[in-house]
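The values are calculated or read from the model by the stated rules, or taken from the named source; none is laboratory data. Predicted model only: the values in this text are computed from it and were never measured. Positions of Cβ are backbone-derived with ideal geometry, glycine not excepted, and every protein chain shown enters the neighbour counts. Protein only, heavy atoms only, side chains kept; ligands, DNA and RNA dropped before computing areas. Shrake-Rupley method; radii C 1.70, N 1.55, O 1.52, S 1.80 Å.
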Amino acid sequence: MKIGFIGAGKMGYTLGRHLKECATDCCQIIGYYSQNLESAKDAAKFTDTAYYDDLKKLVEDCEVLFLTVPDGQIAVMADMLDRHSDYLEGKIICHTSGALSSLVFSGMHSHVYGYSIHPIYAVSSKTESYINFSDCFVTIEGHKKYLKTFVQMFEACGHQVKTISADDKIKYHSAAVFSSNLVIGLYHMALKLMKECGFNDEEAQNALKPLLKNNVDKLFASDCKNALTGPVERCDISTVEKHLQVLSSDKELVYRLLSKELVKIAEEKNDRDYSTLFELLQ
């Protein structure tokens, strides 16, 4: 398949370079189009491909178009592509958004095959994120005609791949946010609590980093149940009650909500009565 990229940001750089190096048996990266021509030139140079200043020409030259643009621009770009309907008929159009489904392409006048291909990966660098990109899990949903083709292509690049339904995209994306962005929010809360106790930034980081790292390592070596420790797991009602007394409103609410989730895990792990603790957290 001849693949072209519309959008030359971090994902465009990373996915283009990754496919150029790993999927040589099943695809050919043709080049990049961007509304910022210099960005397209830089991405083309990075991937040893071509750059385009004419969107219609890229559409003509490619069978597959990856829209690696911000989520809010995907529908806008799809509308721009639709103006070239004479060249778009039968093409494959993909985006890499975690939150949007392939249904974003359903209103196009041209007959196209739409896909949402989302790597669960924090692409933080244009020029370095491709290095370990094969480690990430990829989810795919879209038209059944080429679904198996894309699954095989990404599996050949070393990825674990799962197909999901368009109806589940938002819930799936929220799961990714829980395990990444919201964890950062929790850690930030913990740092602020430490600083309220007289720790400076470096001391707080040094104190909490081993605790967080060891918990994560244990979690992935086993599961939530076996990784769980602490006052909720022990059903230490007195300690939990004292925690609630010293936490401010937002932190108290977060503590209550997450501790109730921990109670559910603890009940699977231990033969204890957690009902009084759960009532305290309500």
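Quick one: which residues, 5+ away or cross-chain, put their amide H under 5 Å from the amide H of A50? H built at 1.01 Å from N.
For A50, the qualifying residues are G31, Y32.
Could you report the range 1-109's accessible area per residue, 1.4 Å probe, as an integer in Å²?
44
Can you give me the P(r) profile for the range 13-81? Cα pairs, bins 10 angstrom wide beginning at 0, each as a whole percent.
Per 10 Å bin, starting at 0, the Cα pair percentages come out as 20, 54, 25, 1.
So for the chain, taking the charge dipole from beta-carbon charges (+1 Lys/Arg, -1 Asp/Glu), which of T96, I184, C22 sits furthest toward the positive end?
The one lying farthest along the dipole's positive direction is C22.
Along the range 252-258, what does the Karplus equation 6.51 cos²θ - 1.76 cosθ + 1.60 (θ = phi - 60°) give for ³J(HN,Hα), rounded to whole Hz, x for Gly and Pro?
Per-residue couplings from phi come out as 5, 4, 4, 4, 5, 4, 6 Hz.
Could you state, as a whole-number percent, how many of the C-alpha pairs of the range 1-137 are farther apart than 28 Å?
Roughly 9 percent, rounded to a whole number.
Please work out how many pairs of lysine residues in the range 119-185 are eight or more positions apart (or on different chains) and have Cα atoms closer than 23 angstrom.
8
At a Förster radius of 41 Å, what calculated FRET efficiency corresponds to the Cβ-Cβ distance of R83 and E268, to the nearest 0.05?
The computed FRET efficiency comes out at 0.15.
Evaluated at 25 °C with a viscosity of 0.890 mPa s, what Stokes-Einstein diffusion coefficient in µm²/s does the range 160-199 have when Rh comes from the Kirkwood expression over alpha-carbon pairs?
Stokes-Einstein gives a translational diffusion coefficient of 199 µm²/s.
Size of the dipole of the range 188-282 about the Cα centre, Lys and Arg at +1 and Asp and Glu at -1 on the beta carbon, nothing else charged, in debye to 20?
Dipole magnitude for the range 188-282 comes out near 120 debye.
Can you give me the angle between helix 237-246 and the longest principal axis of the chain, using Cα atoms only, in degrees from 0 to 90, rounded to the nearest 10?
70
What aspartates and glutamates could a cross-link reach from K269, if we take a straight Cα to Cα line under 12 Å and drop same-chain neighbours fewer than 8 places away?
Cα-Cα hits under 12 Å: D223, E233.
Nothing charged except the Cβ atoms of Lys and Arg (+1) and of Asp and Glu (-1): what's the magnitude of the dipole of the chain about its Cα centre? Round to the nearest 20 debye.
140
Quick check for me: using +1 on Lys/Arg Cβ and -1 on Asp/Glu Cβ, what's the dipole size of the range 18-162 about its Cα centre, in debye to the nearest 20?
For the range 18-162, the charge dipole is close to 280 debye.
On the accessible surface of the range 93-228, probed at 1.4 Å, how many percent belong to carbon and sulfur atoms?
Answer for the range 93-228 is 56 percent, counting heavy atoms of protein chains only.
Given H placed 1.01 Å from N in the peptide plane, which residues other than close sequence neighbours of T163 have an amide H under 5 Å from its amide H?
Close amide H contacts, sequence-distant or interchain: I140.
Give the value in nm², to one decimal: projected area of the alpha carbon convex hull of the range 133-282, averaged over all directions.
Computing the convex hull of the Cα atoms and averaging its projections yields 12.0 nm².
In what sequence, highest mean first, do 203-216, 3-16, 34-47 appear when ranked by Cβ atoms within 10 angstrom?
Put in order of decreasing packing, that is 3-16, 34-47, 203-216.
In straight Cα distance, which aspartates and glutamates are under 16 Å from K251, not counting same-chain residues fewer than 8 positions off?
The reachable aspartates and glutamates, counting only those whose Cα sits under 16 Å from K251, are E196, E241, E261.
Where does the chain land on Rg(C-alpha)/(2.2 N^0.38 Å)?
The value comes to 1.26.
Once you treat every alpha carbon in the range 83-156 as an equal point and sum by Debye, what is log10 I(q)/I(0) at q = 0.13 Å⁻¹?
Debye intensities relative to I(0), on a log10 scale: -0.46.
Below 8 Å, C-alpha to C-alpha, sequence gap of six or more: please give me the relative contact order for the range 166-282 in percent.
Rounded, it is 21 percent for the range 166-282.
May I have the convex hull volume per residue, in Å³, for the Cα set of the range 113-185?
Spread over its residues, the Cα hull of the range 113-185 gives 101 Å³ apiece.
To the nearest 10 degrees, how steeply does helix 147-156 sit against the main Cα axis of the chain, on a 0 to 90 scale?
70
Mind listing the phi-derived Karplus ³J(HN,Hα) values for the range 132-143, rounded to whole Hz, using 6.51, -1.76 and 1.60 with θ = phi - 60°, and x for any glycine or proline?
Those phi angles translate into 10, 5, 5, 6, 7, 7, 10, 10, 9, 9, x, 4 Hz.
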